[in-house]
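To start, the structure itself, in structure tokens.
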Amino acid sequence: MQLTATNVGKILKGNTVLSNINLDLKSGNIYGFVGPNGSGKTMLFRALSGLMSVSSGVVKLDGKVVRKDFSVLPNLGILLENVSLYPNLTGYENLLYLAKFTGKATKSDLLTALERVGLDFNDKRKYGKYSLGMKQRLAIAQAIMEHPDILMLDEPTNALDSEAIERVRQVIEEEKERGALILLASHNKDDIQILADQVFYLENGSIVDRR
């Protein structure tokens, strides 16, 4: 699977938030995206996924144009900032509700996803009572529960303790071994150094370096 961006730009309310983005990303790799707040990482993920239209250029998946040949990338797992799930449902109930939209994940898949991130499906606490770390773990579980071909993770280790960080890094490595194409944005330098096969550095909506 190949995800490409060619001369992609985005203007929002007169402000350029992405400029001349060129990428060639392939399955079985982890691509790290680094930059200060406001550098365009989240906007880039939205543009590449199809959640946001682009003002110029084109995003393609295996030669098909995103938001033309399909609206959002098929079989996408995504974690973006400020995930908000249903406060009156348990973690498992939240995943069960979300799984109904596509029908791709079985109950076994949901239980496995919870176990992989260190959550107990028998925990009867409602999501609204979860700690920030538990909410982050559940957000990651929903991103991986359907065995996505493409996985976009924006600050996946945010609000996690050291044990949870190690667990999430292991999950990301396992998803790579499974053959997923993974995009990872993180302020945690160790996340990028340990996990990323290639790193892109963003400033003011542009890629200023790649290594």
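The values are calculated or read from the model by the stated rules, or taken from the named source; none is laboratory data. Keep in mind that what you see is a predicted model, and the values were worked out from it rather than measured. Quick reminder, even Gly has a Cβ in these numbers, built from the backbone with ideal geometry, and neighbours come from all protein chains shown. Side chains included, ligands, DNA and RNA excluded: accessible areas come from the protein's heavy atoms. Shrake-Rupley method; radii C 1.70, N 1.55, O 1.52, S 1.80 Å.
Structure above, values below:
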read-out	value
Estimated vicinal HN-Hα couplings, Hz - the range 86-100 in sequence order (Karplus 6.51, -1.76, 1.60; Gly, Pro = x)	7, x, 9, 10, 6, x, 4, 5, 4, 5, 4, 5, 5, 5, 5
Total formal charge among the other residues, if their Cβ is under 10 angstrom from that of residue 79, Lys/Arg +1 and Asp/Glu -1	-3
Amide proton proximity set for residue 153, modelled H, under 5 Å, gap of 5+	79, 183, 184, 185
Listed residue pairs exceeding 22 Å between alpha carbons, taken from 104/176; 10/68; 129/189	129/189
1.4 Å probe accessible area per residue over the range 1-92, in Å²	48
Per-residue HN-Hα couplings for the range 138-148 [Karplus 6.51, -1.76, 1.60; θ = phi - 60°; Hz; x = Gly/Pro]	5, 4, 5, 4, 5, 6, 9, 5, 9, 6, x
DSSP-loop chymotrypsin sites (Phe, Trp or Tyr not before Pro) across the range 73-106, with at most 12 other Cβ within 10 angstrom	101
